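Report on one structure; see the data block that follows.
Each reported figure results from applying straightforward, stated rules to the coordinates on display, with no laboratory input. Just so it is clear, the structure is predicted and the values come from calculations on it, not from any experiment. Every residue, glycine as well, gets a Cβ built from its backbone with ideal geometry; the counts of neighbours run over all protein chains shown.
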2 protein chains.
Amino acid sequence: MRIVVLAGGIGGARFLRGLQQASPDADITVIGNTGDDIHLFGLKVCPDLDTVMYTLGGGINEEQGWGRTDETFHLKEELAAYGVGPEWFGLGDRDFATHIVRTQMLSAGFPLSAVTEALCDRWKPGVRLIPMSDDRVETHVAVTLPDSGERKVIHFQEYWVRLRASVPAEAVVPVGAEQSKPAPGVLEAIAEADVILFPPSNPVVSVGSILAVPGIREAIAEAGVPVVGLSPIVGDAPVRGMADKVLAAVGVESSAAAVAEHYGSGLLDGWLVDTVDASAVERVEAAGIRCRAVPLMMSDLDAAARMAAEALTLAEEVRGA
Amino acid sequence: MRIVVLAGGIGGARFLRGLQQASPDADITVIGNTGDDIHLFGLKVCPDLDTVMYTLGGGINEEQGWGRTDETFHLKEELAAYGVGPEWFGLGDRDFATHIVRTQMLSAGFPLSAVTEALCDRWKPGVRLIPMSDDRVETHVAVTLPDSGERKVIHFQEYWVRLRASVPAEAVVPVGAEQSKPAPGVLEAIAEADVILFPPSNPVVSVGSILAVPGIREAIAEAGVPVVGLSPIVGDAPVRGMADKVLAAVGVESSAAAVAEHYGSGLLDGWLVDTVDASAVERVEAAGIRCRAVPLMMSDLDAAARMAAEALTLAEEVRGA
């Protein structure tokens, strides 16, 4: 079975690990979000691609969900001693190596997709990981700074990591998306997929950025195979992260049903909500999307595997319908 | 007193620390060798400038004489895990920060001299450290590889660090030197100096590279102030490093007297040899260079300070003559 998964960072990576356990023989292609990529210290940093790669390759810091295990922060300390920031973005000494290798390969002329493949040669994540685009797309967020009242457009990472989404996101813009093209292999993987899954990743800044690359949304809608998603919102709050903060910016309420409606029946065939949101099933089905309520807390690998299995079961229901 | 010192790496840096102790009120300008600079992992690495900066700024690894104290090597381990080399050049996690900041500033358009000044803002070495040139000069070495018999021109660092000078240097070429210009401040510092010193640095690849920048040798010769050097060769062997290996490439025997003759009386006014080389004094003076035999082993800071004091004493002798 060929499965295509649109993945953001931590939630997407943990779901993928569950999917590998639930469906060990599946041929999995991951289309990774690069909208939260950032240039730091002259280096190209791809947080979501790396989180997927490290998580599936056994190098992740399990507790925090991002960055490397057995990590030190000496380089960052020294940058701070030079007065060179930002200090709010936590790059460890081991993690830096990934960004240095990536930047060197990009400077040598390789596209990000080829670089990602080369990095995965080491990590062997057991999936094919493709960035959504080889073109630069960077999500920016419009905010009003509380101190000065100044309206400002800042990089998503500055909003998410430095400000910890403490001010309302007034707009979320994937800068460069309109001019971007899907990376080689993306449309082909979608066209050849048997199932397409949206993990419980952020619907705006993770899955939303991927869908903002012209051609991807259309390819998914026209693939003619079950497209099933899992709600990142449980009981009106995000399972992790701060998805509610950016949902407001796109005018979507923070609920499992509203996110399904946001994707829409033109894209989604099936939707899983948590058992606490069982009352949302009717509303989602009224929107033309088949819906089931199952436990959606990825408390451990087995829980993630059960969620993945439920998603595949729902996909088969959709296919048989 | 305004003192100009032409410095390589470890020997130059340790001598400078002695000079600061011997002459605490002196205004010291260091013209640093950049001929052993190397680009690694997309980063600009300036080993000699950094050794001077770290040594005088209190950040040096005292035992090895280069690199940072309290250092870790996690980034390098990870680069190796990615199969990205070279592995023979030891860059530590803390040290990497210097190269990242430098590379970022160079990419932003600052010349190396301005970047070096900015880095020194942190380290406060107590001297003015200027690279010999803002232009790229890279010392290369012609060798015959022992296994294949292949004649090859390799970067000085590959010869020095990877091969550990284990094959004869057939030629030493400061590539780019002919087209290079002294960095801003270099010629002015020489013109305004009261004394010019050559520490016991490598006469070919350290001091020699600096003198290969058009204009510097001439400015020193015409400065009209005492120019005094200290022999890096004691008892026919280099005090440290492998200076003898590269002296052969320029047809100079490995002896205290031969190095003085190599610089020549057109450049040098005074020369210190070690007491074990007292018999060389006559030969050096016959070449028109005032010479004294004093202890030249920089076993500790006090020994380095005594050497610096002897050099300044000899300079005053020259001036009074």
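Under 8 Å for C-alpha pairs, at least 6 residues apart: give me the relative contact order for region B:203-267, rounded to a whole percent. Don't skip to the answer; put the middle values down first.
Values: 52 pairs, mean separation 21.7, N = 65.
Value for region B:203-267: 33 percent.
What does the charge count around B:Gly8 come to, taking other residues whose C-beta lies under 10 Å from its C-beta (Lys +1, Arg +1, Asp -1, Glu -1)?
Values: positive: none; negative: B:Asp36, B:Asp48.
Net charge around B:Gly8: -2.
Can you list the copy-to-copy distances for B:Lys124, using a point 7 angstrom from Cα toward Cβ, in nanometres, shortest first?
5.2
Could you list B:Lys124, A:Lys245 in order of exposure, starting from the residue whose Cβ has the fewest other Cβ atoms within 10 Å?
Neighbour counts put them in this order, fewest first: B:Lys124, A:Lys245.
In the Gaussian network model of chain B, springs joining C-alpha atoms below 10 Å, which of B:Asp121, B:Asp93, B:Asp134 carries the largest mean-square fluctuation?
B:Asp121
If I take every Cα pair under 8 Å that is 6 or more residues apart in chain B, average their sequence separation and divide by the length, what percent do I get for the relative contact order?
Details: 674 pairs, mean separation 62.6, N = 321.
The value is 19 percent.
Could you list the trypsin sites (Lys or Arg not before Pro) in region A:135-176 that lie in coil according to DSSP, counting only those with at most 16 other Cβ atoms within 10 Å of their Cβ?
On the way: sites: A:Arg136, A:Arg151, A:Lys152, A:Arg162, A:Arg164; in loops: A:Arg136, A:Arg164.
Hits after loop and neighbour filter: A:Arg136, A:Arg164.
What's the local net charge at A:Glu170, with K and R +1, D and E -1, over the other residues with C-beta under 15 Å away? All intermediate terms of the calculation are to be shown ahead of the outcome.
Working: positive: A:Arg151, A:Lys152, A:Lys245; negative: A:Glu150, A:Glu158, A:Asp244.
Neighbour charge sum, excluding A:Glu170 itself: 0.
Pop out the ³J(HN,Hα) list for region A:231-239 in order, Karplus 6.51 cos²θ - 1.76 cosθ + 1.60 with θ = phi - 60°, rounded to Hz; leave Gly and Pro as x.
For region A:231-239, the Karplus curve yields 5, x, 9, 10, x, 6, 10, x, 4 Hz.
Of B:His155, B:His39, how do they rank once you tally other Cβ atoms within 10 Å and put the fewest first? Please list the in-between numbers first.
Values: B:His155 19, B:His39 13.
Fewest-to-most Cβ neighbours within 10 Å comes out as B:His39, B:His155.
Could you tell me which GluC sites (Glu not before Pro) in region B:139-170 are loop residues by DSSP with no more than 15 other beta carbons within 10 angstrom of their beta carbon?
For GluC sites (Glu not before Pro) across region B:139-170 that sit outside H, G, I, E and B with at most 15 neighbouring Cβ atoms in 10 Å, the list reads B:Glu150, B:Glu170.
Considering only A:Ser148, A:Ser166, A:Ser113, give the residue with the highest GNM mean-square fluctuation for chain A, with springs between Cα atoms whenever their separation is below 10 Å.
Checking each option, the largest mean-square fluctuation is seen for A:Ser148.
Find out how many positive minus negative residues lie around B:Thr29, taking Lys and Arg as positive, Asp and Glu as negative, among other residues whose Cβ is under 13 Å from that of B:Thr29.
-3
Measure nothing fancy, just the Cα-based angle from helix A:112-123's long axis to the longest principal axis of chain A, in degrees from 0 to 90, nearest 10.
Roughly 90 degrees, rounded to the nearest 10.
Starting from the amide H of A:Ile28, placed 1.01 Å from N in the peptide plane, find each other amide H under 5 Å away whose residue is 5 or more places distant or on another chain.
A:Ile3, A:Arg128
Using the crude model of +1 on Lys and Arg Cβ and -1 on Asp and Glu Cβ, and no other charge, please compute the dipole size for chain A relative to its Cα centre, in debye to 20.
Working: 25 positive and 44 negative charges, 52 e Å.
The dipole of chain A has a size of about 260 debye.
Determine the shielding of peptide B:80-89 by partner chains: average, over its residues, the number of Cβ atoms on other chains within 10 angstrom of each Cβ.
On the way: counts 1, 6, 10, 4, 7, 0, 0, 0, 0, 0.
Going residue by residue through B:80-89 and averaging, the value is 3.
Which chain B residue comes nearest the axis with its C-beta when you rotate B onto A, and by how many angstrom?
For the rotation taking chain B to chain A, the closest Cβ gives B:Asp93, 2.
Show me the ranking of peptides B:63-72, A:8-17, B:282-291 by mean Cβ neighbours inside 10 Å, starting with the highest.
Working: B:63-72: 14.8, A:8-17: 26.1, B:282-291: 17.9.
Averaged packing, sorted descending, gives the order A:8-17, B:282-291, B:63-72.
Assume the label is 7 Å from Cα along Cα to beta carbon: what separations in nm does A:Asp300 have to the matching positions in the other copies?
Result, one decimal in nm: 6.0.
Between the label point of A:Asp147 and that of the same position in each other copy, find the distances and list them shortest first in nm, with every label point placed 7 Å from Cα along the Cα-to-C-beta direction.
From this label point to the equivalent ones elsewhere in the assembly: 5.9 nm.
Could you calculate the FRET efficiency of B:Thr144 with A:Val153 from 1/(1 + (r/R0)^6), where r is the beta carbon distance between them and R0 is 35 Å, rounded to 0.05? Write out the running numbers ahead of the final one.
Details: r = 60 Å, r/R0 = 1.72.
Once rounded, the FRET efficiency stands at 0.05.
Lysine pairs in the protein assembly as shown with Cα distance under 22 Å, only those 8 or more apart or on different chains: how many are there?
14
Taking other Cβ within 10 Å of each residue's Cβ, how do A:Val213, B:Val276 sort, fewest first? Don't skip to the answer; put the middle values down first.
Details: A:Val213 28, B:Val276 15.
Placing the least packed residue first, the sequence is B:Val276, A:Val213.
In region B:15-170, what % of DSSP beta bridges are antiparallel (nearest 5)?
Numbers: 9 of 13 bridges.
Within region B:15-170, antiparallel bridges account for around 70 percent of the total.
Could you point to the residue in A:Phe110, A:Gly58, A:Thr139 farthest towards the positive end of region A:42-141's charge dipole, with +1 and -1 charges on the Cβ of Lys/Arg and Asp/Glu respectively?
It is A:Phe110, whose Cα lies furthest towards the positive end.
If you count, for every residue in B:90-97, the Cβ atoms of partner chains within 10 Å of its Cβ, what is the mean? Display every interim value, and only then the final one.
Values: counts 0, 0, 4, 12, 8, 3, 9, 13.
Shielding by partners across B:90-97 averages 6.
Using only the alpha-carbon atoms, how far is helix B:301-320 inclined from the longest principal axis of chain B? Give it as 0 to 90 degrees, nearest 10.
Once rounded, the angle reads 50 degrees.
I'd like to know which of A:Val167, A:Leu211, A:Gly149 lies farthest towards the positive end of the charge dipole of region A:145-281, counting +1 on Cβ of Lys and Arg and -1 on Cβ of Asp and Glu.
Toward the positive end, the furthest listed residue is A:Gly149.
So in chain A, what percent of DSSP beta bridges are antiparallel if you round to the nearest 5?
If I count the DSSP bridges inside chain A, around 45 percent turn out antiparallel.
Using only alpha carbon pairs under 8 Å that are at least six residues apart, calculate the relative contact order of region A:73-221 and give it in whole percent. Show your work: numbers first, answer last.
Details: 169 pairs, mean separation 29.0, N = 149.
Result for region A:73-221 is 19 percent.
Explain nothing, just the number: dipole magnitude of region A:86-193 about its Cα centre with +1 on each Lys and Arg Cβ and -1 on each Asp and Glu Cβ, in debye rounded to the nearest 20.
For this selection, approximately 180 debye.
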